């Protein structure tokens with residue numbers, strides 16, 4: 001199955017939550033989605049704690065850097081997962097709000113807790129998109 005859905009994970013700084021979500025989505029959902037992440041107001045850098053807790057899950061984020069929406073270029077998402085806590089709309093695009101606490105400047109334990117919550121949410125999203133892709137791939141049933 002080729003990637004069918006373009007998913008954008010959006011938070012404030014693109015330093016913690018959306019970076020984690022992108023990492024998990026690229027790992028677990030590459031069969032059903034193309035993924036990007038961005039921040040409404042991009043931070044200067046991805047904190048070492050973000051990279052460290054993702055490394056504990058086997059996800060290499062050594063090259064991760066915060067990006068803004070303008071840096072996405074021609075990437076047009078089918079689904080935007082809004083982790084910013086701010087209202088966000090994009091006419092013609094499905095927007096899903098995930099209320100996830102921002103771990104920025106918090107303890108490593110907080111980063112781990114947020115990472116684990118995001119991992120579970122991403123796994124749910126991947127499963128939902130796989131089901132949607134299967135349903136869309138089914139030929140329409142003809143009435144007898």
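The values are calculated or read from the model by the stated rules, or taken from the named source; none is laboratory data. Small disclaimer: the values here were computed from a predicted structure and weren't measured. Cβ coordinates were reconstructed from backbone atoms using ideal geometry, including for glycine residues, and neighbour counts include every protein chain displayed.
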First in the stretch 55-71 and at positive phi and at pLDDT below 95, second anywhere and surrounded by 15 or more Cβ atoms within 10 Å (Cβ to Cβ) and not in a strand (DSSP E or B), Cβ under 9 Å, 6 or more apart: none
For residues that are touching a helix residue (DSSP H, G or I) at 6+ places or on another chain (Cβ under 9 Å) and closer than 22 Å to residue 100 by Cα, scanning just the stretch 1-12, find the one that is surrounded by the fewest Cβ atoms within 10 Å (Cβ to Cβ). 12
Quick check on this structure: which one of 20, 61, 33 is over 8 Å from the mean Cα position of the chain (by Cα) and more than 17 Å from residue 127 (Cα to Cα)? 61
Keeping to the stretch 72-118, report how many residues are over 13 Å from the mean Cα position of the chain (by Cα), outside any loop (DSSP other than H, G, I, E, B) and without any contact (Cβ under 8 Å) to a residue 60 or more places away in the chain. 7
Condition met for residue 22 (touching a residue at least 12 places away in the same chain (Cβ under 8 Å), part of a helix (DSSP H, G or I) and touching a strand residue (DSSP E or B) at 6+ places or on another chain (Cβ under 8 Å)): yes
